[in-house]
Amino acid sequence: MHIPADQGKSRVNSVARALRILECFTRSEPEQTAAQLAERVSLNRGTCHRLIATMIDSGWLQKVGPSHYRPTAKVFRIGAATIANLDLRDEARPILRRLAVELGDTTYLMVPEPEGALCIEKVEGKYPVQVNYPDIGMTMPFHIGAGAHAILAYHPEYLDTAVRQAADVEAFTNATPRAKTQIVAKIESVRKNGYALAIREVSPDVGAVGAPIFGADSRVVGAVSVGATMDRLHEVRLEMVITAVKAASNEISKVLGYHEDGETKDALWHTR
């Protein structure tokens, strides 16, 4: 595989080799010997044995019997999380597209990650916002943006991360929340009203509305948000956007199997 010159300097060969070892395991061959792995990734047996030992110590591989190895459940958990996001994206995409056409603005689908809200889908409407973030594959810090706020409101385990990010990450604008009290106020507003409002937090000319998406187990699995230029978020139209975003998030939640009469599952907030 050709590695561009600027990427080759940062390439860690041992990591690449370990990943190639994991790629050798398939449904038809879930267990393999060190000799088989060494041959398939073109490594000498000594190097392959050292990599396998490291992967066992790190919890990625386990030994089965006297000579075979297989991946641990850690690999499955990562795959399951990826599949879950793909399912959410597939179910939400047509609703995001319809919302973008209905409003003419840019719609986003965000999911929680340890360091923020990851954008996994974006649909531009007739009047797209002229900012590059969030874009697909980009993670927004928890303290910035309507989608991130909507997720944070139901994931109290990320509050400390949000507070740290507010202190460490350079503010996008003067309206970007910086203090814990501001972040907590955002959380309380979302839980009271069912939506997040981020005015000029990401860009002086852009505002956003976000609402949480609930899964079948009543946990928040993501958020749908709409970004628009400030001239399109005047008071009357803002109410229309809020209504549309909440309706879209409710529709996606129902498609995922959420029932509104279910109890929302999240830890108790201790923000004071």
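All told, Ser203 meets the bar of being small (Gly, Ala, Ser), in the same structural domain as Ala92 (by TED's automatic domain parsing) and in contact with a Ser or Thr (Cβ under 8 Å, 6 or more places away or on another chain). When Lys192, Lys126 are checked against the criterion of being at pLDDT 95 or above and among the basic types (Lys, Arg), a single residue qualifies: Lys192.
For the stretch 152-159, the count of residues that are touching a strand residue (DSSP E or B) at 6+ places or on another chain (Cβ under 8 Å), in contact (Cβ under 8 Å) with a residue 12 or more places away in the chain, surrounded by 12 or more Cβ atoms within 10 Å (Cβ to Cβ) and more than 25 Å from Ser253 (Cβ to Cβ) is zero. Beta carbons closer than 8 Å, at least 6 apart along the sequence or on distinct chains, pair a first residue in the stretch 43-55 that is free of Cβ contacts under 8 Å to residues at least 60 places away in the same chain with a second that is outside any helix (DSSP H, G or I) for Cys48/Val41; Leu51/Leu43; Ile52/Leu61; Ile52/Tyr69; Met55/Leu61. Each residue in the stretch 168-191 was checked for being of a type in the set (Gly, Ala, Ser) and out of contact with any helix residue (DSSP H, G or I) (no Cβ under 9 Å at 6 or more places or on another chain), and 3 of them qualify. Of all residues in the stretch 39-70, those that are under 15 Å from Ser14 (Cα atoms), β-branched (Val, Ile, Thr) and surrounded by fewer than 15 Cβ atoms within 10 Å (Cβ to Cβ) total 3. Taking the stretch 1-49 and the helices (runs of 4 or more DSSP H) fully enclosed by it, the elements with 1 or more residues that are at pLDDT below 90 and among the charged types (D, E, K, R) are at 5-8. The residue that is surrounded by the most Cβ atoms within 10 Å (Cβ to Cβ), counting only those in the stretch 107-140 that are out of contact with any Ser or Thr (no Cβ under 6 Å at 6 or more places or on another chain) and among the β-branched types (Val, Ile, Thr), is Thr107. Only a single item in (1) crowded, with 18+ Cβ neighbours inside 10 Å; (2) in contact with a helix residue (DSSP H, G or I) (Cβ under 8 Å, 6 or more places away or on another chain) is not met by Gly194, and it is number (1).
Can you find, within the stretch 68-86, the residue that is farthest from Gly137 (Cα to Cα) among those that are in contact with a helix residue (DSSP H, G or I) (Cβ under 7 Å, 6 or more places away or on another chain) and at pLDDT 85 or above? The qualifying residue farthest from Gly137 (Cα to Cα) is Tyr69.
The values are calculated or read from the model by the stated rules, or taken from the named source; none is laboratory data. In this text, all values refer to a predicted model and were calculated from it rather than measured experimentally. Glycine also receives a Cβ, built like all others from the backbone with ideal geometry; neighbour counts cover every protein chain displayed.
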